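Peer 1: I'd like to ask you about the structure that follows.
The values are calculated or read from the model by the stated rules, or taken from the named source; none is laboratory data. Keep in mind that this is a model prediction, so the values were computed, not measured. Reconstructed Cβ throughout: ideal geometry from the backbone, glycine too, with neighbour counts over all protein chains shown. To get the accessible areas, we keep the full protein, side chains included, count just its heavy atoms, and leave off ligands, DNA and RNA. Shrake-Rupley method; radii C 1.70, N 1.55, O 1.52, S 1.80 Å.
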Amino acid sequence: MNLVENLQYNTERDQLIIPEYGRHFQKMVDYAVSIEDAEERNKVAKAIISVMGNLQPHLRDVPDFQHKLWDQLFIMSDFKLDVESPFPITTKEMLQERPEPLEYPQNFPKYRFYGNNIKRMIDVAVEWEKGDMRDGLEYAIANHMKKCYLNWNKDVVDDSAIFNHLYELSDGRIDLAAKNETLTDSGQFLKNRVAKSNTRYTNGKNNQRNNNNRGKKRY
């Protein structure tokens, strides 16, 4: 009867700070905090770190991982453990400090169907020295713009429209219309897109067929 009365339920216990380590680890940390002798306290803390590292032996000797283990030890002790750490000790204030908000690029391109990377590519191209390398890059950019346009419009597009957009986005520094360039035919882009779509459809049907045949007896 006494054994039943002394049973402890997790709902009645203190909440674990880092549940991944379990309650026995938390008890070891609490014991280390209660030790009055500084030398013995440091000895026990190092023993706990060693046991924590044994849970992931392939990482236990990595310096960054060791730092993480010591940080977790102080966190589990609610920063009450007074021991000598081989790494800078993280304080509760540092842990609770809110990080600086990340800057998110706000770009509102006029032609959104081209995407932001096209503008970056154009900005790089106009800085190149004029020559065959730059001409090739400008032509590749124009072709990619045409492909993006067709993905959005799903119809044919005249090369002159692409050249005008490229001229505008480059602030007049790239003018393929003046060079009488001819881009890849729209039908080729559309045919490639249909071919890829059919390939995905066929692969999907084959995978389904293989799954259906899996486990069947073969005589």
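Peer 1: Would you mind getting the accessible area per residue of segment 68-189, heavy atoms of the protein chains only, 1.4 Å probe, in Å²?
Peer 2: Numbers: 8290 Å² over 122 residues.
Counting only protein heavy atoms, the per-residue value for segment 68-189 is 68 Å².
Peer 1: Over segment 82-169, what percent of the accessible surface lies on carbon and sulfur atoms, probe 1.4 Å?
Peer 2: With neighbouring chains kept in place, the figure for segment 82-169 is 53 percent.
Peer 1: Could you pull out every one of the aspartates and glutamates with an alpha carbon less than 12 Å from that of Lys80, ignoring same-chain neighbours closer than 8 positions?
Peer 2: Here the aspartates and glutamates satisfying the reach criterion relative to Lys80 are Asp30.
Peer 1: Same structure, new question: Describe numerically, in nm with one decimal, the distance between label points set 7 Å from Cα along Cα→Cβ at Asp14 and at Asn180.
Peer 2: Between Asp14 and Asn180, the simple spin-label model gives 8.5 nm.
Peer 1: Under the classification rounded if a/c is under 1.5, otherwise prolate if a/b is larger than b/c and oblate if not, where does segment 1-131 fall, given a ≥ b ≥ c as square roots of the Cα gyration tensor eigenvalues?
Peer 2: Values: a/c = 3.41, a/b = 2.39, b/c = 1.43.
Because a/c hits 1.5 or more and a/b exceeds b/c, segment 1-131 counts as prolate.
Peer 1: Roughly how much of Tyr9 is accessible, in Å² to the nearest 10, using a 1.4 Å probe?
Peer 2: Rounded to the nearest 10, the figure is 130 Å².
Peer 1: With every protein chain left in place and a probe of 1.4 Å, what is the accessible surface of Ile18, to the nearest 10 Å²?
Peer 2: Near enough 30 Å² of accessible area.
Peer 1: Please go through the residue pairs Lys110/Lys191; Lys146/Lys179; Lys43/Lys92; Lys146/Lys191; Lys119/Lys154 and name each one whose alpha carbons sit more than 20 Å apart in this structure. Let's see the in-between values first.
Peer 2: Values: Lys110/Lys191 28 Å; Lys146/Lys179 17 Å; Lys43/Lys92 23 Å; Lys146/Lys191 14 Å; Lys119/Lys154 22 Å.
Result: Lys110/Lys191; Lys43/Lys92; Lys119/Lys154 exceed 20 Å.
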